[in-house]
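> Below you'll find the structure I mean.
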Amino acid sequence: MVEKLLEVKDLKTHFHTFKGIVKAVDGVSFKLNKGEILGIVGESGGGKSVTGFSILKLIEDPGKIENGEIIFNGENLVNKSEREMKEIRGSKISMIFQDPMTSLNPLYTIQQQIEEVLKLHTDMNAKQRKQRCINLLDDVGIPQPEARLKSYPHQFSGGMRQRAIIAAALAAEPELIIADEPTTALDVTIQAQILRLMKKLVKEKNTSLLLITHDLAVVAEMVDRAIVLYCGQVMETGKIDDLIHQPIHPYTYGLLNSIPRLDDQKKRLSQIEGMVPNMFELPEGCNYSPRCDYCQERCLQEEPKIREIHEGHRVSCHYPLSREG
Amino acid sequence: MFKYVTKRVYQMILVLFVVSIIVFFVMSFTGDPVLMMVTPDATQAQIDRARMELGLDKPLITQYFIFVKNILRGDFGKSYVFKQSAIKLIIERMPATLELVFVSVLLSIIVAIPLGVFAGAFPNKKSSKTIMLGSLLGISLPNFWVGMMLIFVFAVHFRVMPSSGRGEVVNFLGMRISIFTADGFKHIILPAVMLSIQSLAILLRLTRAGMMEVMKQDYIKFARSKGVLQNSLLFQHALKNALIPVITVFGIQIGKIIAFATVTETIFSWPGMGKLLIDSINRSDRPVMVAYLMIVAFIFVLLNFIVDIVYTSIDPRIDLR
């Protein structure tokens, strides 16, 4: 039986800057089931991270959640007070950050930083907490965990720090983990290890994972379903196999096409022409139209609405590519 | 650690040695103390005899070595005016100054740190802007003027605070201390406020700047994502990181507070060693001046040493070797 854990409906998070309003997230909707891994994919500036932070309501001024519902376990987080959110953060929903070099407080030991979650969200006594920290470090594959508890972050390598951060995120056994580009700052061999570790831990504990990344290779290996974001809007969503093998939105197709192939003899790598548009001056009609190879008259005038093409496979495009293409 | 401390102690001795050279030679250029001591109608023979008695007839270098030899035995010479041991005179008055300095330092910390944290964490609030405006005033207003205004407003106009002196004193650990009596406490408020204002403002601004920087860091966001409560986020996660530059400047500020105590003590007739210094300068009482400068230099060096030790207890990345 699939149980729904999180449902985001028409989320709009806007930043009110001096220069104007940036619609970083503009009407994003998606669902996440218990134990499922959902990927959020897109280029830089697509609104991926802001979506993640919005769920925890960690949007700072001048940003604001303007509209929408974030239904977590049947409760709408948008209406929760800061005090109520503090009880959810770390215990029900936790977050893993992009850069392990800067995410740990340099002045506290690894134990203090993991233990903090337990102090805040569990009734464990000091001895139990210490034991739990040791187990967690062991789980994330840090050798000699007991000796490492007293280490400071600067005594850890990047990969080990990210493991420690994962340990902290897992500490209170949350139901949802939001991982914001968890492997971007790590080198490739460590990336694979960390991803495998996360997948294993998440599947073991039946935790849901929201994996934010720009790396399609990561997504292909990790997630069950994915949503593709562009300029704060969902372009395409569906099962990962459908997205990778039969993309129907030109943007997804472009992203996939941009991955260099080892068996390709071409001199130039393919890419999506142009750049992500200035968020202050979004184009009329479809946001992707200026860069789209398949752009037609209608795309320049009318914003496409998201619709289901095939079971569970939704797209926001007037002229989606055919599924066989 | 032990190795580091020994190294630092050597450095401190070296610094004090250099200070002793500077102090001694600069002092010997500040006029002839003999002329201040003898009666105006003294004969040349009397003057020469006085000079010989004080040892001022010997070459400067010889005088210096005698001076150093005496210092090492703890003897800074006798005050020309009081005919007492100079060091004893200063130590007698030291509790009054230390007490004043202590209260001022405490006052700056208690006020500056929380306000700085607040203004740094919420820079857009109106109250933060008011705090920053106040700190600007604290930095720019001349210290002596603030002291006189305090006297004018609270002592002369409203008559709620005493304008001078130390009030009632009690014996505490062999020192004569006034803050433990109600009367003495009342006497220390105005001078302490005057003495602390400038360093308070500087610490406040530094704390704020540090906090603003730290609040943008990823580890603060990470802490928030763990559900850390506001107070512990600000005063533990953030403040600890913002504190390193504050402590550096704080070490210097304590030194400045000790130095400025001379002005405060003069304005409020506070019977501390700063006032003794001013009196001694007016009377060309060389041994007292020298002893004062050496003691203050020693306090300075010691404070900086303590500051360096404090660093390591805060930041594990700072290595003492």
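> In the stretch A:15-59, which residues are among the polar types (S, T, N, Q) and either assigned to a strand (DSSP E or B) or in contact with a Ser or Thr (Cβ under 7 Å, 6 or more places away or on another chain) (or both)?
Just the residues of the stretch A:15-59 that are among the polar types (S, T, N, Q), to begin with: A:17, A:29, A:33, A:44, A:49, A:51, A:54.
Once the filter is applied, which keeps residues that are among the polar types (S, T, N, Q) and either assigned to a strand (DSSP E or B) or in contact with a Ser or Thr (Cβ under 7 Å, 6 or more places away or on another chain) (or both), the stretch A:15-59 yields A:THR17, A:SER29, A:ASN33, A:SER54.
> For the stretch B:63-102, which residues satisfy the criterion of being in contact with a Phe, Trp or Tyr (Cβ under 7 Å, 6 or more places away or on another chain), small (Gly, Ala, Ser) and closer than 17 Å to B:MET27 by Cα?
Correct list: B:ALA86 only.
> Additional query: Taking the condition of being closer than 17 Å to A:VAL25 by Cα and either of a type in the set (Ser, Thr, Tyr) or part of a helix (DSSP H, G or I) (or both), how many residues in the stretch A:277-297 meet it?
Result for the stretch A:277-297: 1.
> Could you check the stretch A:51-69 and list, in sequence order, the residues that are within 15 Å of the chain's Cα centre (by Cα) and more than 16 Å from B:ARG224 (Cα to Cα)?
Residue satisfying the conditions is A:THR51 alone.
> Looking only at the stretch A:150-169, count every residue that is buried (at least 16 other Cβ atoms within 10 Å of the Cβ) and away from every other protein chain (no Cβ under 14 Å) and tell me the total.
Pass one, the stretch A:150-169, residues buried (at least 16 other Cβ atoms within 10 Å of the Cβ): A:151-153, A:156, A:159-169.
Going one step further and asking which of them are away from every other protein chain (no Cβ under 14 Å), we end up with A:159-160, A:163.
Selection size over the stretch A:150-169: 3.
> Kindly establish whether A:ALA164 is within 26 Å of A:ASP123 (Cα to Cα), out of contact with any helix residue (DSSP H, G or I) (no Cβ under 8 Å at 6 or more places or on another chain) and in a helix (DSSP H, G or I).
Numbers: within 26 Å of A:ASP123 (Cα to Cα): yes; out of contact with any helix residue (DSSP H, G or I) (no Cβ under 8 Å at 6 or more places or on another chain): no; in a helix (DSSP H, G or I): yes.
No.
> Answer yes or no as to whether A:THR51 is buried (at least 17 other Cβ atoms within 10 Å of the Cβ), within 12 Å of chain B (Cβ to nearest Cβ) and at pLDDT 90 or above.
Details: buried (at least 17 other Cβ atoms within 10 Å of the Cβ): yes; within 12 Å of chain B (Cβ to nearest Cβ): no; at pLDDT 90 or above: yes.
No: the conditions fail for A:THR51.
> For residues that are touching a residue at least 40 places away in the same chain (Cβ under 8 Å) and among the β-branched types (Val, Ile, Thr), scanning just the stretch B:297-317, find the one that is farthest from the other protein chains (Cβ to nearest Cβ). Before you say what the answer is, go through the steps one by one.
Residues of the stretch B:297-317 that are touching a residue at least 40 places away in the same chain (Cβ under 8 Å), as a first pass: B:297-308, B:310-311, B:314-315.
Right, trim to among the β-branched types (Val, Ile, Thr) and you get B:299, B:301, B:306-307, B:310, B:314.
Numbers: B:ILE299: 29, B:VAL301: 27, B:ILE306: 19, B:VAL307: 17, B:VAL310: 13, B:ILE314: 7 Å.
So the residue we want is B:ILE299.
> Here is a further query. Just to be sure I understand the filter: pairs with C-beta atoms under 9 Å, separated by 6 or more residues or on different chains, first member in the stretch B:49-70 and at positive phi, second member modelled with pLDDT of 85 or more and hydrophobic (A, V, I, L, M, F, W, C). Which pairs pass?
Pairs found: B:GLY55/B:ILE66.
> Restrict the check to the stretch A:184-191 and report whether at least one residue is surrounded by fewer than 24 Cβ atoms within 10 Å (Cβ to Cβ), of a type in the set (Gly, Ala, Ser) and touching a residue at least 60 places away in the same chain (Cβ under 8 Å).
First, the residues of the stretch A:184-191 that are surrounded by fewer than 24 Cβ atoms within 10 Å (Cβ to Cβ): A:184-191.
Checking the rest, the ones that are also of a type in the set (Gly, Ala, Ser) come to A:185.
Applying the additional criterion that residues be touching a residue at least 60 places away in the same chain (Cβ under 8 Å) yields A:185.
Looking for residues that are surrounded by fewer than 24 Cβ atoms within 10 Å (Cβ to Cβ), of a type in the set (Gly, Ala, Ser) and touching a residue at least 60 places away in the same chain (Cβ under 8 Å), one finds at least one in the stretch A:184-191, hence yes.
> Moving on. Looking at (1) modelled with pLDDT of 85 or more; (2) more than 24 Å from the chain's Cα centre (by Cα); (3) assigned to a loop (DSSP other than H, G, I, E, B), which is the only condition A:ARG323 fails?
Of (1) modelled with pLDDT of 85 or more; (2) more than 24 Å from the chain's Cα centre (by Cα); (3) assigned to a loop (DSSP other than H, G, I, E, B), only one is false for A:ARG323: (1).
> Touching a helix residue (DSSP H, G or I) at 6+ places or on another chain (Cβ under 7 Å) and in a loop (DSSP other than H, G, I, E, B): which single residue out of B:PHE67, B:PHE76 fits that description?
On the way: B:PHE67 fails: in a loop (DSSP other than H, G, I, E, B).
Result of the check over B:PHE67, B:PHE76: B:PHE76.
> Among the residues of the stretch A:180-198, are any part of a strand (DSSP E or B), at pLDDT 90 or above, within 22 Å of B:VAL228 (Cβ to Cβ) and within 12 Å of another protein chain (Cβ to nearest Cβ)?
Step one: list which residues in the stretch A:180-198 are part of a strand (DSSP E or B), which gives A:180.
Keeping just the survivors that are at pLDDT 90 or above gives A:180.
Now restrict to residues that are within 22 Å of B:VAL228 (Cβ to Cβ): A:180.
Add one more test, that the residue is within 12 Å of another protein chain (Cβ to nearest Cβ), and what stays is A:180.
Yes, because at least one residue in the stretch A:180-198 is part of a strand (DSSP E or B), at pLDDT 90 or above, within 22 Å of B:VAL228 (Cβ to Cβ) and within 12 Å of another protein chain (Cβ to nearest Cβ).
> Let me ask another. Looking only at helices (runs of 4 or more DSSP H) that lie completely in the stretch A:75-144, which have at least 3 residues being within 14 Å of chain B (Cβ to nearest Cβ) and either closer than 30 Å to A:LEU11 by Cβ or aliphatic (A, V, I, L, M) (or both)?
Details: elements: A:82-88, A:100-103, A:110-121, A:126-139.
Because the criterion is at least 3 residues that are within 14 Å of chain B (Cβ to nearest Cβ) and either closer than 30 Å to A:LEU11 by Cβ or aliphatic (A, V, I, L, M) (or both), the helices (runs of 4 or more DSSP H) in the stretch A:75-144 that meet it are A:82-88, A:100-103, A:110-121.
> Where residues in the stretch A:298-320 are of a type in the set (Lys, Arg) and assigned to a strand (DSSP E or B), which of them is farthest from A:LYS31 (Cα to Cα)? It would help to see each step written out before you state the result.
Residues of the stretch A:298-320 that are of a type in the set (Lys, Arg), as a first pass: A:298, A:305, A:307, A:314.
Applying the additional criterion that residues be assigned to a strand (DSSP E or B) yields A:307, A:314.
On the way: A:ARG307: 15, A:ARG314: 13 Å.
Going through the qualifying residues, I end up with A:ARG307.
> Based on what the data block shows, is B:LYS216 more than 14 Å from B:THR97 (Cα to Cα), crowded, with 19+ Cβ neighbours inside 10 Å, of a type in the set (D, E, K, R) and at pLDDT 90 or above? Steps first, answer last, please.
Details: more than 14 Å from B:THR97 (Cα to Cα): yes; crowded, with 19+ Cβ neighbours inside 10 Å: no; of a type in the set (D, E, K, R): yes; at pLDDT 90 or above: yes.
Here the answer is no, as B:LYS216 does not meet what is asked.
> Confirm whether B:PHE122 is buried (at least 19 other Cβ atoms within 10 Å of the Cβ), modelled with pLDDT of 85 or more, out of contact with any Asp or Glu (no Cβ under 8 Å at 6 or more places or on another chain) and under 30 Å from B:GLN230 (Cα atoms).
On the way: buried (at least 19 other Cβ atoms within 10 Å of the Cβ): no; modelled with pLDDT of 85 or more: yes; out of contact with any Asp or Glu (no Cβ under 8 Å at 6 or more places or on another chain): yes; under 30 Å from B:GLN230 (Cα atoms): yes.
Against the criterion (buried (at least 19 other Cβ atoms within 10 Å of the Cβ), modelled with pLDDT of 85 or more, out of contact with any Asp or Glu (no Cβ under 8 Å at 6 or more places or on another chain) and under 30 Å from B:GLN230 (Cα atoms)), B:PHE122 does not qualify.
> Pick out, from the stretch B:173-283, the helices (runs of 4 or more DSSP H) lying fully within it that include 2 or more residues that are within 14 Å of chain A (Cβ to nearest Cβ), aliphatic (A, V, I, L, M) and in contact (Cβ under 8 Å) with a residue 24 or more places away in the chain. Break it down into steps so the answer makes sense when it comes.
Details: elements: B:182-215, B:218-225, B:239-267, B:273-282.
In the stretch B:173-283, B:182-215, B:239-267 are the helices (runs of 4 or more DSSP H) which contain 2 or more residues that are within 14 Å of chain A (Cβ to nearest Cβ), aliphatic (A, V, I, L, M) and in contact (Cβ under 8 Å) with a residue 24 or more places away in the chain.
> Does B:SER104 fit the bill of being among the small types (Gly, Ala, Ser), part of a helix (DSSP H, G or I) and under 20 Å from B:ILE278 (Cβ atoms)? Walk me through it before giving the result.
On the way: among the small types (Gly, Ala, Ser): yes; part of a helix (DSSP H, G or I): yes; under 20 Å from B:ILE278 (Cβ atoms): yes.
Considered against the rule, which asks whether it is among the small types (Gly, Ala, Ser), part of a helix (DSSP H, G or I) and under 20 Å from B:ILE278 (Cβ atoms), B:SER104 comes out as yes.
> Show me the helices (runs of 4 or more DSSP H) entirely contained within the stretch B:1-57 in which 1 or more residues are closer than 30 Å to B:VAL310 by Cα.
Working: elements: B:2-28, B:33-37, B:44-54.
The qualifying helices (runs of 4 or more DSSP H) are B:2-28.
> If you don't mind, there's one more thing I want to ask. Among the numbered conditions (1) in a helix (DSSP H, G or I); (2) touching a strand residue (DSSP E or B) at 6+ places or on another chain (Cβ under 6 Å); (3) surrounded by fewer than 16 Cβ atoms within 10 Å (Cβ to Cβ), tell me where A:ASN67 comes up short.
So A:ASN67 meets the others, but not (1).
The values are calculated or read from the model by the stated rules, or taken from the named source; none is laboratory data. Because the structure is a prediction, the values reported are computed rather than measured. Backbone-built Cβ (ideal geometry, glycine too); neighbour counts: all protein chains shown.
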